[in-house]
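The values are calculated or read from the model by the stated rules, or taken from the named source; none is laboratory data. Remember, it's a predicted structure, so these values are computed and weren't measured experimentally. Neighbour counts run over all protein chains shown; Cβ positions are idealised from the backbone, glycine included. All accessible areas refer to the heavy atoms of the entire protein, side chains included, with ligands and DNA or RNA removed. Shrake-Rupley method; radii C 1.70, N 1.55, O 1.52, S 1.80 Å.
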Amino acid sequence: MRLEPIANPSVLRRLGLPASALLATIAVASGLAAVAGADPLATLGLIVKGAAGSRFAALETLNRATPLIFTGLAVAVAFRARLWNIGAEAQLYAGAIMAVLLGTGALPGAVALPAMALAAMVAGALVLLGPVLLKTRFGVDEVVTTLLFNFIMLLFVSYLLEGPLKDPMGMGWPKSAALAKEARLPRIVDGLRLHWGFGLALIAALTVWVIERRTAFGYEMRAVGLNPRAARFAGVPVNAVLVKTALLSGGLAALAGFSEVAGLKGHLTLDLSPGFGYTGIVVAMLALLNPLAVVPAALFVAGVFVGADSMSRAAGVPTYIADMLLASSLLFMVLAILLVRFRVVRG
Amino acid sequence: MTALLDILLSATFWAAAVRIASPLIFATMGELICERAGVLNLGIEGIMVIGAFSGWITVWAGAGLWEGVAVAMLAGMLFGLLHAVLVVPFGLSQHVVGLGVTLLATSTSYFAYRLMLPQVTSPPKIEPFAVWEVPVLSDIPLIGPALFAQTPLTYAAFAVAALVALVLWRTPLGLAIRAAGENPSAVDAQGLSVTGLRIGAVVVGSGLMAVGGAFLTLSAFSSFFFEMVNGRGWICIALVVFGAWRPGKAVLGALLFAAFDALQVRLQQTPLGQVVPYQLFLMAPYVLSIAALVLMSRRASVPAALMQPFNRGER
């Protein structure tokens, strides 16, 4: 078989194929529910209800989507320049550490939150700077180094939580001291469990979109991603663009850690992120790397997680169905997007 | 210092190093085959998980140990086929699909585990492979216990590495596989199918990765835990680079790496371990892998067509 480009894909092709990817994912979900001995339709219904069926459920989904918007954006900008940042998890924790360092100190109330956010972004950017410099200086593949940094960072956090950052009142649990009251992100609406981290995430998505589509740097970033050799030939400083992209990407991922600590948890533990950094890759791909589309993609992914959790309690289908569905949707979607532009011919 | 010497001169240390290297050798050979054919397989981490799980659950359900290895291999080949079909004929991003396959294989293992053992808090143990001492040779001091008093899967790991080297460099098939990773158009001009060669290489390579995973449950820990693969797959990708895409060098790299890993565990028990936090020791394998990548980057001999999809009739 061979792939043949399609000059002008029809509207049916543009919309129908991604829709079939979604349908295929739903089919997988039904199949898995049946394997687990549950009624497929009822299981799907429970997932939807658990994700958006009540005010509590919807707020839970928005809360869960917040770190995913940040990590999704981090991956989207990096992948756009074909910088394979698989280390958003490490950058997230770098941000969380800075939030705790500055948030438990004696910073005056008004500057505490901005200082924490800024420090988090700097830390996250620095964490990604290492692998990117190794790439630009020595040609070391950043996929493996960023992946390995995730493990190193998690061990570092574990050390901090048992050592310098350990909460003296923590009854021996490896957790940090709680943030000061002024260092907590306020709720958007009083009484509703949704913090300003979500608002910040929306602002971040818009900002990244503007940077990518309306600035010279964004243009260079996309040029590097499309064809680094042509970009270099056209006078784009490829390595400088990669470094700048890395700083942006690492900073965005770190905001996820800042927002989780300052908005939701109030302290740092080793299970702050159940893989938000890795899930950010699924979010970014489902959004086709478009910063604005990251928001609905993160809501979808968060909905699957929250919905599957609640369904699992009611129907007994293991909650890992959520990860299986996301992996399937990712694979179906990249295939569907390819088939929009190419047709398979024999020979 | 004497503590270090004591460790380095103990037979158990070298035996542990060879044991720790065994799963890495299987998986590194698997990745090496894939990359030699021109395909990066980031599914490795998840394929090791599904290998560890499926091999273990098969034995737990009453089958023999070798049947467990076979089932693990088949499961790995299945996920390898998924990766291969998506990235070879369709030419999709090998990074994205690989990570997707890792997520899918890992979550499938966890899903199946919860489905089959819904209530257990600690996973049941199986009777693992027993040590098989080679007569006479295992009595050699230091080398004997390290190399000739291991479980059958460790011997298999070294045999597989030798076989991979032999097939890749001494057979027409091996030449075709390597050519598919260096100059696919030339392979195509010879009338051979680049697509077929690459899919075959990824499927077989993935089978080996899964056996590496199965080593963990069937030969090392006797049980299946979440997170038990713990980045070993990513380390194997670093080992392929470190070994400059050569089986022999990759095996040496795996042994060196495993020796350091065995050393850090033992150093934790020395006076040094009293002052240095244990997390620092645990970081060593990952830091070492990054260091190895930097060290080898200058003289890397990457297969020329690695990660480049081949579409017939396209120039």
Exercise for review: Could you list, in sequence order, all residues of segment A:19-45 that are open to solvent by 60 Å² or more (accessible area, probe 1.4 Å) and not in a helix (DSSP H, G or I)?
Suggested key: A:G37, A:D39
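B:S122: of a type in the set (S, T, Y), assigned to a loop (DSSP other than H, G, I, E, B) and away from chain A (no Cβ under 14 Å), yes or no?
Working: of a type in the set (S, T, Y): yes; assigned to a loop (DSSP other than H, G, I, E, B): yes; away from chain A (no Cβ under 14 Å): yes.
Criteria met by B:S122.
I'd like to verify a number: residues in segment A:1-18 that are among the small types (G, A, S) and open to solvent by less than 50 Å² (accessible area, probe 1.4 Å), how many?
Within segment A:1-18, the first condition is being among the small types (G, A, S), and the residues that meet it are A:7, A:10, A:16.
Of the ones still in play, those that are also open to solvent by less than 50 Å² (accessible area, probe 1.4 Å) are A:16.
Residues in segment A:1-18 being among the small types (G, A, S) and open to solvent by less than 50 Å² (accessible area, probe 1.4 Å): 1 in total.
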Review point. So, in segment B:286-313, of the ones that are open to solvent by less than 50 Å² (accessible area, probe 1.4 Å) and not in a helix (DSSP H, G or I), which residue ends up farthest from the other protein chains (Cβ to nearest Cβ)?
Key: B:A305
Review point. Quick one: how many residues across segment B:226-241 are open to solvent by 10 Å² or more (accessible area, probe 1.4 Å), in contact (Cβ under 8 Å) with a residue 24 or more places away in the chain and over 19 Å from B:E35 (Cα atoms)?
Key: 2
Check your understanding: When you go through (1) at pLDDT 95 or above; (2) within 19 Å of A:L134 (Cα to Cα) one by one for A:I47, which number turns out not to apply?
Key -> (2)
Check your understanding: Has segment B:157-164 got any residue that is more than 14 Å from every other protein chain (Cβ to nearest Cβ) and open to solvent by 70 Å² or more (accessible area, probe 1.4 Å)?
Key -> yes
Exercise for review: Determine if segment A:270-285 includes at least one residue that is within 11 Å of another protein chain (Cβ to nearest Cβ), open to solvent by 10 Å² or more (accessible area, probe 1.4 Å) and under 17 Å from A:L17 (Cβ atoms).
Suggested key: yes
Point to revise | Complete set of residues in segment A:237-261 that are free of Cβ contacts under 8 Å to residues at least 60 places away in the same chain and open to solvent by less than 20 Å² (accessible area, probe 1.4 Å) | key: A:V238
Check your understanding: Can we say B:P128 is surrounded by fewer than 16 Cβ atoms within 10 Å (Cβ to Cβ) and in a loop (DSSP other than H, G, I, E, B)?
Key -> no
Review point. Among the residues of segment B:269-285, is any facing chain A (nearest Cβ under 10 Å), open to solvent by 70 Å² or more (accessible area, probe 1.4 Å) and in a helix (DSSP H, G or I)?
Key: yes
Revision key, fill the gap. Looking across segment A:294-330 at residues that are under 17 Å from the mean Cα position of the chain (by Cα) and free of Cβ contacts under 8 Å to residues at least 60 places away in the same chain, the single one that is farthest from the other protein chains (Cβ to nearest Cβ) is A:P296
Study note, to complete from the structure: Considering only helices (runs of 4 or more DSSP H) wholly within segment A:71-184, the ones with at least 3 residues that are facing chain B (nearest Cβ under 10 Å) and open to solvent by 10 Å² or more (accessible area, probe 1.4 Å) are A:109-138, A:142-162
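Looking at the structure I just gave you, is A:V208 crowded, with 17+ Cβ neighbours inside 10 Å, at the interface with chain B (Cβ under 10 Å from one of its Cβ atoms) and of a type in the set (V, I, T)?
Working: crowded, with 17+ Cβ neighbours inside 10 Å: yes; at the interface with chain B (Cβ under 10 Å from one of its Cβ atoms): no; of a type in the set (V, I, T): yes.
So A:V208 does not fit the description; no.
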